[in-house]
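Worksheet: one structure, shown below.
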Amino acid sequence: QFQNVGFIGLGNMGSRMVNNLVKAGYKVTVHDINRDVMKMFTEMGVSARDTPYEVAQDSDVVITMLPSSSHVTDVYTGINGLLQGEKSIRPALLIDSSTIDPQTTRKISLAVSNCYLKEKRESWEKPVMLDAPVSGGILGAEAGTLTFMVGGPEDAYLAARPILQSMGRSSIYCGASGNGSAAKICNNLAMSVSMLGVSEALSLGQSLGISPSTLTQVLNTSSGRCWSSDTYNPVPGVLKGVPSSRDYNGGFASKLMAKDLNLAAASAKEVGHKGPLISKAQEIYKKMCEDGHETKDFSCVFRHFYNGKDE
Ligand code: NAD
C-alpha cells in the first residue's frame, strides 16, 4: 500500500533500520540534523532532505527514531516540522519508534488526528500516528529482528505491518495510542529492577562463599530465574557472548537505562502511581552515569555498584 517512506533520526538504531527498508525495496527519504550522516546516505543513493517538513512532502509514511520526547515534539510540531502548523499533510501514517513517555505520544497523536490528508485515500480519511518503540537494540536493528510494541488504531497497525516486518521479526499490538510507549518503559523498568536483584543476589552470594556460576545454576533451576540470570548474566565469565564477558562493552548503555527510568518516573508521577523501585533504580543508574560508566552496558551495576571493583 505504501511505497514512499520518510525516515527521521539516523543514529545507532535509525541508520540500520533505514538500510533494511531500502533492502526491502521501499523508496526512502531521510533527514537528520547531523549532515555527515545525511551525506553517507546520499552517497548510497538514498534521498535526503533538509527538514522534516520536506520529508513529509515526499512521503506516504514517516518514521521517527529520535533520542527523547523533546526531539520528537520538535520534529512533529516545531518550525519546519512534519505538521508545520498545516491542516493538510501528505503522509497518511506517522510512526514514532523512539522511546518516549506515553503522555507526549498521546499529545502528538491528537495533533496528527486534527490534520487532514492532502490527497484522500480509499477508506483512509485522516492521518494517523502510531507509537511503535522497539526492543532488540543495535544488533536487532542491524539484523532486522526488532520487536515493535505498537499503540494506535488497529487498522493503521495492520496497514503498517509490512513496513514494520521489513525492520523487525515481530510486532505486538498493545491497544490505543500511547500504549506502545507505555509497554516499552514498563518492560525496561522490569528489566532494570531484575538486573539489580540478580546483581545484588550474586554479590551477596559471593560474600557468603558461593561462586556466581554455582549460584546462577541454582537461580536458573529455581524461582529466581529470569532474563538477567539466564540470558544476560551480569557477572564476567558466567555466560559467553554477553556484555559482562567483554568488559561491559556493547549492549544497552547505562545512560539509556537511566533515561528510560526517568520516563517511567515522570509517567508514574503524572498518573499518581507509587513506584518505590522506580526511584531506587533511578538513583542507582544516575550514580552509575555520574561515576563515568554511562556508555558501559547496564549490567555493569554488578561490578561498579555491588561488587565495588571500580577502576
Ligand atoms: P542516537 O542518539 O544514536 O540517534 C538519534 C539520532 O537523532 C541522531 O542521529 C541525531 O542526530 C538525530 N536527531 C536528534 N535530534 C534531531 C532532530 N531534531 N531532527 C532530526 N534528527 C535529530 O539514538 P539511538 O540509539 O538510535 O536511539 C534512538 C531511540 O531508540 C531512543 O529513543 C532510544 O531510547 C531508543 N532505543 C535505543 C536502543 C539502543 O540500543 N540504542 C534500543 C531500543 C530503543
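Tabulated data
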| item | result |
| --- | --- |
| Failed condition for Leu261, given (1) under 29 Å from Gln103 (Cα atoms); (2) surrounded by fewer than 18 Cβ atoms within 10 Å (Cβ to Cβ) | (2) |
| Cβ-Cβ under 6 Å pairs, at least 6 apart or on other chains, region 77-97 side without any contact (Cβ under 8 Å) to a residue 60 or more places away in the chain, far side in a loop (DSSP other than H, G, I, E, B) and polar (S, T, N, Q) | Asn80/Thr51 |
| Subset of region 111-162 (residues that are over 17 Å from the mean Cα position of the chain (by Cα) and aliphatic (A, V, I, L, M)) | Ala111, Val112, Leu117, Val128, Ala156, Leu158, Ala159, Ala160 |
| Region 267-300: number of residues that are aliphatic (A, V, I, L, M) and touching an Asp or Glu at 6+ places or on another chain (Cβ under 6 Å) | 0 |
| Qualifying residue in region 171-182 (condition: within 16 Å of the ligand (Cβ to nearest atom), surrounded by fewer than 16 Cβ atoms within 10 Å (Cβ to Cβ) and within 30 Å of Ala281 (Cα to Cα)) | yes |
| Selected residue [more than 15 Å from Ser199 (Cβ to Cβ) and in contact with a Gly (Cβ under 8 Å, 6 or more places away or on another chain)] from Ala253, Ala265, Ala258 | Ala265 |
| Residue within region 134-145 that is surrounded by 22 or more Cβ atoms within 10 Å (Cβ to Cβ), within 16 Å of the ligand (Cβ to nearest atom) and closer than 21 Å to Val28 by Cβ present | yes |
| Hey, Val61 over 30 Å from Leu189 (Cα atoms), at pLDDT 95 or above and in the same structural domain as Lys126 (by TED's automatic domain parsing) or not | yes |
| Residue identified as over 20 Å from Pro133 (Cβ atoms), touching a Gly at 6+ places or on another chain (Cβ under 9 Å), surrounded by 19 or more Cβ atoms within 10 Å (Cβ to Cβ) and not hydroxyl-bearing (Ser, Thr, Tyr) among Ala92, Ala48, Ala56 | Ala56 |
| From Ser113, Ser135, Ser88, residue being of a type outside the set (Lys, Arg) and under 22 Å from Leu263 (Cα atoms) | Ser135 |
| Total residues in region 118-133, condition more than 16 Å from Ser181 (Cα to Cα) and within 14 Å of the ligand (Cβ to nearest atom) | 0 |
| Some residue of region 243-257 being under 21 Å from Gly140 (Cα atoms), in contact (Cβ under 8 Å) with a residue 24 or more places away in the chain, surrounded by fewer than 21 Cβ atoms within 10 Å (Cβ to Cβ) and among the polar types (S, T, N, Q) | yes |
| Index of the failed condition, Leu239 passing every other in (1) buried (at least 17 other Cβ atoms within 10 Å of the Cβ); (2) in a loop (DSSP other than H, G, I, E, B); (3) within 24 Å of the chain's Cα centre (by Cα) | (3) |
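The values are calculated or read from the model by the stated rules, or taken from the named source; none is laboratory data. The shown structure was predicted, so the numbers you read here are calculated from the model rather than taken from an experiment. Backbone-built Cβ (ideal geometry, glycine too); neighbour counts: all protein chains shown.
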